[in-house]
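Take a look at the structure below.
Throughout, read-outs are computed from the coordinates displayed, never taken from laboratory work. The model shown is predicted, which means the values in this text are computed figures rather than measured ones. Virtual Cβ from ideal backbone geometry, glycine too; neighbours counted across all protein chains shown.
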Ligand SMILES: [Fe+2]
């Protein structure tokens, strides 16, 4: 099974570039996972943007710490199995933290966990993954979106899944790391990177974030505009384990200078 994992789609430029990229490559992959939690102006995922990602070829869209920033997302999570939020949210949270799909290439489960370091308090992601891995019984591949801030926590979650999942791919910090590897058959990457304007402060206009660091009162942040890059990873599976992982950066045509 060939898997494409697209990193955090940020605002209109991220959506535009991701849709263009997926139009080009979607036929080469059996499963496409897209982190969409920053697609709506940086904060959450509105229904129309979820639909745009689905229409572009995303089989599963994942969320994160911004899961409920858009009021309609709770309802959307109850309506579709193609959108998931973190598995370790408290009991009673709308939607699924893991979804099993029967695709033409076979059965696969996609899950997401949220880290607890420098993020809001949350249930234990390690125990949530243990319960999931045990319930699945290693019968088919498991792809995990590890949405966390601290590199140390992502590394340890990656090792926690080593030999027990097909892939543990980091999201949330928005800068692609160069540490892709296979650990006991589990593809690992600390952060897949952001799909959006790279000449920015992790997606927001850098001049406005600069003002936030240096002045009071400070302006609101708005997503940077301009040429966007899709950050992704391509993972080749052999049964329930990974054979290879490759990082991708695909930049759309256009002016480099951000606005
Ligand atoms: Fe995030």
Out of everything in region 39-51 that is buried (at least 24 other Cβ atoms within 10 Å of the Cβ) and within 12 Å of residue 76 (Cα to Cα), what residue ends up being nearest to the ligand (Cβ to nearest atom)?
45
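Working only within region 1-38, note down all residues that are in a loop (DSSP other than H, G, I, E, B) and either in contact with a helix residue (DSSP H, G or I) (Cβ under 6 Å, 6 or more places away or on another chain) or within 16 Å of the ligand (Cβ to nearest atom) (or both).
The first filter runs over region 1-38 and keeps only residues in a loop (DSSP other than H, G, I, E, B), leaving 1, 7-8, 29-30, 36-37.
7, 8, 36, 37, listed by residue number.
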Only one of 119, 101 is touching a strand residue (DSSP E or B) at 6+ places or on another chain (Cβ under 8 Å), touching a residue at least 40 places away in the same chain (Cβ under 8 Å), surrounded by fewer than 18 Cβ atoms within 10 Å (Cβ to Cβ) and outside any helix (DSSP H, G or I). Can you tell me which?
101
Picking from 181, 186, 171, 177, the residue that is under 21 Å from residue 34 (Cα atoms) and loosely packed, with under 14 Cβ neighbours inside 10 Å would be 181
Every pair of residues 6+ apart whose Cβ atoms lie under 7 Å, when the first sits in region 1-16 and is without any contact (Cβ under 8 Å) to a residue 60 or more places away in the chain while the second is surrounded by fewer than 24 Cβ atoms within 10 Å (Cβ to Cβ):
15/49; 15/52
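Among 228, 242, 233, which is surrounded by 19 or more Cβ atoms within 10 Å (Cβ to Cβ), over 23 Å from residue 11 (Cα atoms) and in contact (Cβ under 8 Å) with a residue 60 or more places away in the chain? Break it down into steps so the answer makes sense when it comes.
Working: 228 fails: over 23 Å from residue 11 (Cα atoms); 233 fails: over 23 Å from residue 11 (Cα atoms).
Just a single option satisfies the conditions, and that option is 242.
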